[in-house]
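What follows is a structure written as structure tokens; I'll ask about it next.
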Amino acid sequence: MSHNRLRVCLKFTVLFAISGAFSAAFAQTSPTRPESIVVFAPHPDDEVIGCAGIIQQALARGAKVKVVDITSGDGFDAAAAGVTHKAVNQVGPDDFLALSRLRQTQSRNALEILSGKADDLFVLGYPDGELGNLYNSTDDKVLRQQFTKKNETYALIQTDYHTSAHGKPAPYRRSSVLDDLVELLTTLQPTEIYVTDETDGHIDHRAAFWFVRDAAKQAGYKGAFYTFLVHGLPAWPFPPGVTPTQPFESRKVDGEVAPRGLPWPPPRRVPLTPEQAQRKLKSIQAHNIPVVGMPEHQSEMESFVKSEEVFWTPLASSH
Ligand SMILES: [Zn+2]
């Protein structure tokens, strides 16, 4: 080693020593932000389909985990018929409320299966099937849900978020959803948030993304922002079936690459242990509903049990 190189080396050693001491002092004096994740689900079940592994791993690390069900899934007629043992064309508002009650209970149970607390579930109580209309409404008018006939937030197993925070429900309008989400982000101060992806085939899932994205911007959120895919197009997931030892795959369907509109491989792949995949399966099974005319409904949900969970980062460039 030459003399000059030695001097340079010493200089760097001193520099690293100083910066090391500085970081250590900084770490001692500045409170580290506790890890806190929030999973936003358009309907009860999306949180476990997309994030059951993430939830388990975060809880095991001692992180805080909250799940926010934006609707309580009260707009699914074939499921309301299955729950109330009626024909699909016979279900009325009370049957949709029975479904809503069941799905809220299922979300609470599923969270407990993943070692979370049932009370870490927030139910916003916005109308299933109408999130796209709410997001796209330009006059902020109050919407009445066609299935339950409700026009304001509600929850049946617990109190809906707006009522618990403000003493009264929020009307079904665009600004109510956004305000509730901004308030939640401000209160919970998450370090990571998860929501359904903008390319999802279900309008409620796309609208959940738009609302959460806008709320994050409004709240000045600076943490990580991940999306997950449920109704991927033209078909999803692959390989089909419960395959806890196999990762997700991109495949061609009728000449088109699935998932449509998303990069593959995905930017974030989180491996699950066999035990975590097994618990994910149990948490999805906790959402079992007899859906009239759709016997494949449950097995489709269970096919998200893979050896990993995959996420995209559509806002990475703006954060
Ligand atoms: Zn959904």
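Where a number appears in this text, it was derived from the coordinates with a stated rule and is not lab data. Given the structure is predicted, the values throughout are model-derived calculations rather than measurements. Ideal geometry is used to build each Cβ from the backbone, glycine not excepted, and the neighbour counts take in all protein chains shown.
Apply the Karplus parameterisation 6.51 cos²θ - 1.76 cosθ + 1.60, with θ equal to phi minus 60°, to every residue of segment 132-140 and state each ³J(HN,Hα) to the nearest whole Hz, in sequence, with x for glycine and proline.
Karplus values, whole Hz, x for Gly and Pro: x, 5, 5, 5, 8, 6, 9, 9, 6.
Ok, one more. Quote the FRET efficiency, to the nearest 0.05, computed for R33 versus R101 with a Förster distance R0 of 25 Å and r equal to the Cβ-Cβ distance. Can you show the working numbers first?
Working: r = 37 Å, r/R0 = 1.46.
The value I calculate is 0.10.
Could you line up W264, W236 from fewest to most neighbouring Cβ atoms inside 10 Å?
Result, fewest neighbours first: W264, W236.
How large is the charge dipole for segment 218-282, taken about the Cα centre, if only the Cβ atoms of Lys, Arg (+1) and Asp, Glu (-1) carry charge, to the nearest 20 debye?
Values: 9 positive and 4 negative charges, 50 e Å.
In total the dipole reaches around 240 debye.
Of A60, A79, A219, which has the largest mean-square fluctuation in a 10 Å C-alpha GNM of the chain?
Maximum fluctuation in the GNM of the chain, among the listed residues, is at A60.
Using amide H atoms built in the peptide plane, which far-off residues or other-chain residues are under 5 Å from E309 H to H?
Distant-sequence amide H within range of E309: V270, L272.
Another question, if that's okay. Give me the percent of DSSP beta bridges within the chain that run antiparallel, rounded to the nearest 5.
35 percent
HN-Hα J couplings of segment 221-228 from phi, Karplus 6.51/-1.76/1.60, θ = phi - 60°, integer Hz, Gly and Pro as x?
5, 10, x, 7, 10, 10, 10, 10
Checking the table K117/K280; K117/K150; K252/K282; K66/K280; K64/K168 against a 19 Å threshold on Cα-Cα, which pairs fail? All intermediate terms of the calculation are to be shown ahead of the outcome.
Numbers: K117/K280 16 Å; K117/K150 28 Å; K252/K282 30 Å; K66/K280 17 Å; K64/K168 27 Å.
Over 19 Å Cα-Cα: K117/K150; K252/K282; K64/K168.
Using a basic spin-label model with each label point 7 Å from the Cα along Cα→Cβ, how many nm lie between L233 and A118?
Roughly 3.9 nm, to one decimal.
GNM on the chain, C-alpha springs below 10 Å: top fluctuator among K150, K280, K252?
Answer for the Gaussian network model of the chain: K252.
Under the definition of Cα pairs under 8 Å and six or more residues apart, what whole-number percent is the relative contact order of the chain?
It rounds to 20 percent for the chain.
Ok, one more. Within the chain, which is the longest segment containing none of the GluC sites (Glu not before Pro) that sit in a DSSP loop and have at most 15 other Cβ atoms within 10 Å?
The longest such stretch corresponds to 36-248.
For the pair V270 and D214, how long in nm is the line joining their label points, each one 7 Å along Cα→Cβ?
For the pair V270/D214, the computed spacing is 2.7 nm.
Moving to a separate point now. Counting only residues 5 or more places away or on other chains, whose amide H sits under 5 Å from the amide H of G129 once H atoms are built in the peptide plane?
Distant-sequence amide H within range of G129: zero hits.
Ok, one more. How large is the charge dipole for segment 163-241, taken about the Cα centre, if only the Cβ atoms of Lys, Arg (+1) and Asp, Glu (-1) carry charge, to the nearest 20 debye?
Numbers: 7 positive and 9 negative charges, 40 e Å.
Its charge dipole is roughly 200 debye.
If you don't mind, there's one more thing I want to ask. Place a +1 charge on the Cβ of each Lys and Arg in the chain and a -1 charge on the Cβ of each Asp and Glu, then give the dipole magnitude about the Cα centre in debye, rounded to the nearest 20.
On the way: 32 positive and 36 negative charges, 275 e Å.
So the magnitude is around 1320 debye.
Tell me, in nm to one decimal, what length is gained between N89 and T159 on full extension, where the rule is 0.36 nm per residue of separation less the Cα-Cα distance?
22.2 nm
For the chain, build the charge dipole from Cβ charges (+1 Lys, Arg; -1 Asp, Glu) around the Cα centre, then report which of L181, A80, T153 sits farthest towards its positive end.
Of the listed residues, the answer is L181.
Are there any helices in the chain, counted as whole DSSP H runs, that stretch 18 Å or more along their axis by Cα and score at least -1.0 on average by Kyte-Doolittle, and if so which?
Details: long enough: 3-29 (39 Å, 0.76); 46-60 (21 Å, 0.97); 93-113 (30 Å, -0.59); 174-188 (21 Å, 0.63); 203-218 (22 Å, -0.37).
Correct list, ordered by number: 3-29, 46-60, 93-113, 174-188, 203-218.
Could you give the nm distance between label points at Q285 and T187, where each point is 7 Å from its Cα heading toward the beta carbon?
3.5 nm
Sticking with this structure for a sec: Can you list residues from other chains, or at least 5 along the same chain, whose modelled amide H is less than 5 Å from the amide H of A41?
V68, D69, I70
Something else: Of the candidates H85, H166, H231, which one comes out as most mobile in a Gaussian network treatment of the chain with C-alpha springs shorter than 10 Å?
Its mean-square fluctuation being the largest, the pick is H166.
Using a cut-off of 12 Å between beta-carbons, work out the net charge of the residues near V67 (Lys and Arg +1, Asp and Glu -1, V67 not included).
It works out to a net charge of -3.
Apply the Karplus parameterisation 6.51 cos²θ - 1.76 cosθ + 1.60, with θ equal to phi minus 60°, to every residue of segment 162-167 and state each ³J(HN,Hα) to the nearest whole Hz, in sequence, with x for glycine and proline.
Once rounded to whole Hz, the list reads 5, 5, 5, 8, 10, x.
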